[in-house]
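Engineer: Just passing along the structure, written as C-alpha cells.
The values are calculated or read from the model by the stated rules, or taken from the named source; none is laboratory data. For clarity, every value in this text was computed on a predicted model and none was experimentally measured. Please note: Cβ atoms are built from the backbone with ideal geometry, for glycine as well, and neighbour counts cover all protein chains shown. What goes into the accessible areas is simple: the full protein's heavy atoms, side chains included, and nothing from ligands, DNA or RNA. Shrake-Rupley method; radii C 1.70, N 1.55, O 1.52, S 1.80 Å.
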Amino acid sequence: MSDDLRIDRVETVLVDIPLRRPHRFARASMNAQPVLYVFVRTAGGITGTGEGVVPAGPWWGGESVETMQVIIERYIAPILTGRRVDEIGTLQRDITDVVAANLFAKAAVEVALHDAWARSLGIGVHALLGGAVRSSVPVTWALGTEPAPVVVEEALGKLDAGLHHSFKLKMGADEPAVDVSRVEAVAEKLAGVAGVRVDLNARWDRLTSLAHLPRLADAGVEMVEQPVPGSEIETLAEISALLPIPVMADESLRTPSDALRLARLGAADIFAVKTTKCGGLRASMEIAAVGAAAGIPSHGATSIESPLGTAASLHFACAAPGVTWGSELFGPLLMAEEMAVEPLRYADGHLHLPEGPGLGIDLDPDKIRAFRRD
Ligand SMILES: [Mg+2]
C-alpha cells in the first residue's frame, strides 16, 4: 500500500479549448481558453489530475499557463517525485520553500494530489475535505461586455432554458458613465425575472467608484464585485459602508490572511473563493472558514475552468459549509468542446456533484490530443 502511493512521474499538457463565443473582460478577451493539465502518476498505477488555468492570460494575477508549466516541471515536479500523494501538507510546505507565490500553479498540483489520493481510497475528493454538506450549487451565468441588447438576449435565452436564474455582468471596458448606462438598461430589462450582479475586475479608482456605484444600486443591481484594485482594501471598506447592496472581494482575496484582513476591516460582504487563485482546495476551505467565522458567506467563483477544474471547485463548494452564496462554475458551458468522457451535470440552475472516485471526472484522451498545443 505505502509504495503504491509513491509518485513516479509528473507530466503536464497544454491545451487550448475553443469557446462557444468570445469571452470579454475589462482588459482582455479570448476565443479559446488555455488550460494546463497536470498528471501525477503513482507507482500503484493511479493518475491524479489537476488543472492550471487563469481567465484569459496573466492580466488577472500575473500567472499564465506557460509560467505554470515552467514552475511545475522545473521546480515542483522534482519535489513530488518519490514522495507520497497522501502527504499533501508536508509537500505543500516543501514546495513553498522553493516556490513563492504562484498560487495558480500550486493549485493545479494540490488538486492532482487530492485526486490521486481519493482515487486510491475509492472515495470522492469532497470526502478528503470533510464530506459534502450539499450535493449541488446554484450557477450564475457571466455575461460579457457587449451592448445591452446583446447581453439581454443572451440572458433571456438562458432563463427560458431554465439554465440560470442570475447573471453577472462584466464591466470596466467602457467609460464609466457609458458602462453604467449599459448596465442600467440590462437591469431594467431583467428586473423581477433574474438577479443582476456586476464585476468591475478592479478597473475603477476610488472616486469613480464613489461617483458611479450608487447608481448601480439604484438600478436594482444586487451585488458589486471588486470595483477597485486588489491592494486597496481600505477603499473597498469605504465602498462597502456606502452601498446598500453587498460588495464581493475577488482580486483582494487570495489567502486566509487576506480573508482575515477583509473581515476585520469590514471590506467585503461576500468572499469570491476560487480554488485556482487561492492555491488549491485546502486554502479555499480555510478562507471559507474564516468567512463563516466572521459572518461572511463565500461564493464558488471561477477562472473559467474546464470540466476537470470545475469539478475541483465543485468538490470544494459542496464540502465547505460557508459557501452559501452560490457559484459561477459555468466554465464547461462556455466551451465548444466537451473535454470529459462523462460531462458534468447542469440541471435546474444547479451544478451537481459527480459520483465516482477522485474528482469524478475523466478527461477524454482524444480531445486532449486534438487541442494540445505543439
Ligand atoms: Mg471577479
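Engineer: State all residues of the stretch 185-213 that are within 16 Å of the ligand (Cβ to nearest atom) and of a type in the set (D, E, K, R); if no residue qualifies, say none.
Structural biologist: R197, D199, R203 - these are the residues of the stretch 185-213 that are within 16 Å of the ligand (Cβ to nearest atom) and of a type in the set (D, E, K, R).
Engineer: Of the conditions (1) under 30 Å from D4 (Cβ atoms); (2) free of Cβ contacts under 8 Å to residues at least 12 places away in the same chain, S181 satisfies every one except a single condition; which number is it?
Structural biologist: S181 satisfies all of (1) under 30 Å from D4 (Cβ atoms); (2) free of Cβ contacts under 8 Å to residues at least 12 places away in the same chain except (1).
Engineer: Go through the stretch 3-43 and count every residue that is touching a residue at least 40 places away in the same chain (Cβ under 8 Å), open to solvent by less than 40 Å² (accessible area, probe 1.4 Å) and outside any strand (DSSP E or B).
Structural biologist: 3
Engineer: If you go through the stretch 215-243, how many residues are under 23 Å from V186 (Cβ atoms) and among the charged types (D, E, K, R)?
Structural biologist: Just the residues of the stretch 215-243 that are under 23 Å from V186 (Cβ atoms), to begin with: 215-228, 239, 242-243.
Those left that are additionally among the charged types (D, E, K, R): 215, 218, 222, 225.
Qualifying residue count, the stretch 215-243: 4.
Engineer: Scan the stretch 322-335 for residues that are open to solvent by less than 40 Å² (accessible area, probe 1.4 Å) and in contact with a strand residue (DSSP E or B) (Cβ under 7 Å, 6 or more places away or on another chain) and jot them down.
Structural biologist: If the condition is that a residue be open to solvent by less than 40 Å² (accessible area, probe 1.4 Å) and in contact with a strand residue (DSSP E or B) (Cβ under 7 Å, 6 or more places away or on another chain), then G322, V323, G326, S327, E328, L329, F330, L334, M335 are the ones that fit.
Engineer: Looking only at residues that are at pLDDT 95 or above and in a loop (DSSP other than H, G, I, E, B) in the stretch 336-349, which one is most open to solvent (accessible area, probe 1.4 Å)?
Structural biologist: Among residues in the stretch 336-349 that are at pLDDT 95 or above and in a loop (DSSP other than H, G, I, E, B), the one most open to solvent (accessible area, probe 1.4 Å) is E342.
Engineer: Pairs under 6 Å by beta carbon, first residue in the same structural domain as L236 (by TED's automatic domain parsing) and in a strand (DSSP E or B) in the stretch 191-215, partner open to solvent by 10 Å² or more (accessible area, probe 1.4 Å) and among the small types (G, A, S), six or more apart or different chains?
Structural biologist: Taking only residues 6 or more apart or on different chains, the pairs are G195/S166.
Engineer: With the checklist (1) outside the structural domain of S327 (by TED's automatic domain parsing); (2) open to solvent by 40 Å² or more (accessible area, probe 1.4 Å) in hand, flag the one item V133 doesn't pass.
Structural biologist: Result: V133 fails condition (1) only.
Engineer: Could you tell me how many of the residues in the stretch 58-87 are closer than 17 Å to A101 by Cβ and either open to solvent by less than 40 Å² (accessible area, probe 1.4 Å) or in contact with a Cys (Cβ under 8 Å, 6 or more places away or on another chain) (or both)?
Structural biologist: Adding up the residues that qualify gives 10.
Engineer: Determine which member of the set L333, L329 is in a loop (DSSP other than H, G, I, E, B) and touching a residue at least 60 places away in the same chain (Cβ under 8 Å).
Structural biologist: Unique residue meeting the criteria: L329.
Engineer: Let me confirm something: among L210, L169, which residue is open to solvent by 10 Å² or more (accessible area, probe 1.4 Å) and either closer than 23 Å to A268 by Cα or hydroxyl-bearing (S, T, Y) (or both)?
Structural biologist: Values: L169 fails: open to solvent by 10 Å² or more (accessible area, probe 1.4 Å).
From the options L210, L169, the qualifying one is L210.
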